[in-house]
Amino acid sequence: MTTLWNTFLDQRMELLKALWEHLQISLTALLIAIVIAIPLAIWATHHKNVAEVLLQITSVLQTIPSLALLGLLIPLVGIGSVPAIIALVIYALLPIFQNTYVGIDEIDPSLEEAADAFGMSRMRKLFKVEIPIALPVIISGIRTALVLIIGTATLAALIGAGGLGNFILLGIDQNDTSLIIIGAVTSALLAIILSALIKFLQTARLRTVILTVGVIVLGFAGVSGYQAVSQPKQNIIIAGKLGSEPDILIHMYKDLIEQDDKSVTITLKPNFGTTSFLFNALKSQSIDIYPEFTGTVLESLVKKSGNTANLSAHETYIKARDALKKQDNLAYLKPMAYQNTFAVVVKRSFAKKYNLKTISDLKPIENELNAGMTLEFINRTDGLKGIKQKYGLDFKVRSMQASLRYEALKRGNINLGDAYSTDSQLKQLDLVMLKDTKHVFPPYQGAPVMSEKLAASHPKIVRALNKLAGKISDEDMQKMNYEVNVQKKSAAKVARQYLVSHGLLRDAK
């Protein structure tokens, strides 16, 4: 409980920000779903055959897995809150449409006849008779939709929309139960509180319901409008991949830019996704800057030109920089000193048992290997594909989330995994990195990548970020990762502490 409370205190400001993002996404999706589903259901009560078709369509839409739906929406509308809201609207349509249709369709026919006998028009009958009678059922559908939306909205973090899902993803990645609990409990409490509010509206008059919805809409519009007006002309979005290291780096970027360029504000998108996801987000201008590694650029992001094996670290950077500019008109700034290369790791006891020192040593025991690796590593030529090709290996492997494969190694559920050379878990779990004698893994030096347009228009940003060029050793980064993953310090504090102690930041703020 002490750890949980300390984590809550340390993350309270981030929690408030995530809660607001979650609330914005959820209520926006709910209001849009209400505007679509209720009028459509009212119209469908007079077209029975069409109503059955619409019920089937909304039912089918709700069966689409949320991750698949988000993946389908990204190429169409990009990343961020827009695809998240669209997906949530789709999931909310069924309960609202169904309850509105059933609530009106099952009104006692004698009441309908009485309204007609009084000479009521269709609209007057709708608002004076049908909706007031069906309102408890309609509100019940909205309540169901809201709970569904709030729970599903945690997945919005996977596509850079923020929300409480950020805490859950970060907790999983860092194997931090406190973060997972904070994210999950806050999401559950939000659902309970809003559900109780909607339950109150079930017994309220139609005028009260409309007034409440109006106040919510105006409140959100006012806050959003204030935020838009109060922000400077340009907001720079810096994103990072999953994990503590990218999180540390983007906080360094933020501190350095804010110190040297007062004309912009910085929005951070930590734990934003995998390599291809961020690269496509950068090209589509959904984000402005993210840290990328030289070897990753050459192996995964640009078209290969010539042999890249056995290049020095500097040659790899030059080749990556030139290729990014030529292919996508992107600027690749100067790299840091450390190299965060891929690695294949085993427990020390397993290495001693089979005398494992290099990846080639796995060949005689490949039938005994039970590997767990990240999906990205499995599908990269500078990952498992390259290992199988150059070393002639073929062993059982299953995809795992980054932190889970470390837990699986620790528990003995797997005996082989992938890693990054600066991961704190290597020291923490006493893992052995097998030498890559056939050079599957090229040099990996991290550096900021952005559009040439942004680099040209904001030279202060370029100068600020280039202060990290040649800085941060392998030991520095492994130490900082350890502080975040094991000692549970925030990435922001660890990043700022490094910058201040190395004279890159004037004060600790």
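Report, by residue number, each residue of the stretch 344-388 that is surrounded by 22 or more Cβ atoms within 10 Å (Cβ to Cβ) and in a strand (DSSP E or B).
The answer is Val344, Val345, Val346, Ala371, Gly372, Met373.
Report, ordered by the first and then the second residue, all pairs with beta carbons closer than 8 Å, sequence separation of six or more or different chains, a first member in the stretch 186-212 that is more than 17 Å from Phe127 (Cβ to Cβ) and at pLDDT 70 or above, and a second member that is surrounded by 15 or more Cβ atoms within 10 Å (Cβ to Cβ) and among the aromatic types (Phe, Trp, Tyr).
Short answer, once both residue conditions are applied: Thr186/Phe167.
Being in the same structural domain as Glu258 (by TED's automatic domain parsing) and surrounded by 21 or more Cβ atoms within 10 Å (Cβ to Cβ) narrows it down to one residue among Asn466, Asn485; which is it?
Asn485
Residue under question is Thr154, and the condition is that it be surrounded by fewer than 19 Cβ atoms within 10 Å (Cβ to Cβ), in contact with a helix residue (DSSP H, G or I) (Cβ under 7 Å, 6 or more places away or on another chain), closer than 25 Å to Pro83 by Cβ and at pLDDT 85 or above; does it hold? I'd like the intermediate steps shown before the answer.
Details: surrounded by fewer than 19 Cβ atoms within 10 Å (Cβ to Cβ): no; in contact with a helix residue (DSSP H, G or I) (Cβ under 7 Å, 6 or more places away or on another chain): yes; closer than 25 Å to Pro83 by Cβ: yes; at pLDDT 85 or above: yes.
No; evaluated as a whole, the condition is false for this residue.
Which condition from (1) surrounded by fewer than 19 Cβ atoms within 10 Å (Cβ to Cβ); (2) modelled with pLDDT of 85 or more is the one that Pro83 breaks?
Here Pro83 meets the rest and fails (1).
If you scan the stretch 453-488, which residues turn out to be at negative phi, touching a residue at least 12 places away in the same chain (Cβ under 8 Å) and outside any helix (DSSP H, G or I)?
His458, Ala469, Lys471, Ser473, Val486
Which one is surrounded by the most Cβ atoms within 10 Å (Cβ to Cβ), of the residues in the stretch 258-292 that are farther than 26 Å from Gly165 by Cβ and either among the hydrophobic types (A, V, I, L, M, F, W, C) or touching a residue at least 12 places away in the same chain (Cβ under 8 Å) (or both)?
Checked the stretch 258-292; the qualifying residue surrounded by the most Cβ atoms within 10 Å (Cβ to Cβ) is Asp261.
Is it true that Arg380 is basic (Lys, Arg), farther than 18 Å from Glu292 by Cα, in contact with an Asp or Glu (Cβ under 8 Å, 6 or more places away or on another chain) and touching a residue at least 40 places away in the same chain (Cβ under 8 Å)?
Values: basic (Lys, Arg): yes; farther than 18 Å from Glu292 by Cα: no; in contact with an Asp or Glu (Cβ under 8 Å, 6 or more places away or on another chain): yes; touching a residue at least 40 places away in the same chain (Cβ under 8 Å): yes.
So Arg380 fails the test.
The values are calculated or read from the model by the stated rules, or taken from the named source; none is laboratory data. Predicted model, so just to flag it, every value in this text is computed and none were measured. Cβ sites come from the backbone with ideal geometry, for glycine too, and all protein chains shown count toward neighbours.
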